[in-house]
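The values are calculated or read from the model by the stated rules, or taken from the named source; none is laboratory data. What you are looking at is a predicted structure, and each value in this text was computed from that prediction instead of being measured. Backbone-built Cβ (ideal geometry, glycine too); neighbour counts: all protein chains shown.
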Amino acid sequence: MKNPILVYALARLGIFATLLTILLLIGFEPIWATVFATMLSFSFSLIFLRKWREASSAKIADSITKPKRGTDEQSED
């Protein structure tokens with residue numbers, strides 16, 4: 001996958017889904033399992049997904065700071 005934003009989002013979603021499933025199988029109430037899975041997945045992503053988070057942040061920053069092409073540049077292509 002070339003899009004670091006998608007990779008990071010899918011990794012975080014996967015961590016959340018895994019933790020939620022484990023907590024529900026252990027026997028937590030669904031609302032508490034969701035709260036704990038959210039907190040734990042946030043913590044895990046801060047610790048273990050730093051490289052992907054920085055890559056997605058750089059991609060977003062590049063897209064924001066990249067100058068917009070005007071109509072002159074578009075018509076020249």
Considering only the range 19-41, how many residues are of a type outside the set (Val, Ile, Thr) and loosely packed, with under 12 Cβ neighbours inside 10 Å? 6
List every residue pair whose Cβ atoms sit under 6 Å apart, with the two residues 6 or more apart in sequence or on different chains, where the first one lies in the range 44-61 and is without any contact (Cβ under 8 Å) to a residue 40 or more places away in the chain and closer than 19 Å to Thr18 by Cα and the second, anywhere, is of a type outside the set (Gly, Ala, Ser) and surrounded by 11 or more Cβ atoms within 10 Å (Cβ to Cβ). Phe44/Ile15; Ser45/Arg12
Pull up the range 1-18, narrow it to residues that are more than 21 Å from Val35 (Cβ to Cβ), surrounded by 14 or more Cβ atoms within 10 Å (Cβ to Cβ) and not aliphatic (A, V, I, L, M), then point me to the one that is farthest from the chain's Cα centre (by Cα). Pro4
Any residue at all in the range 51-73 that's at pLDDT 95 or above, out of contact with any Gly (no Cβ under 7 Å at 6 or more places or on another chain) and not in a helix (DSSP H, G or I)? no
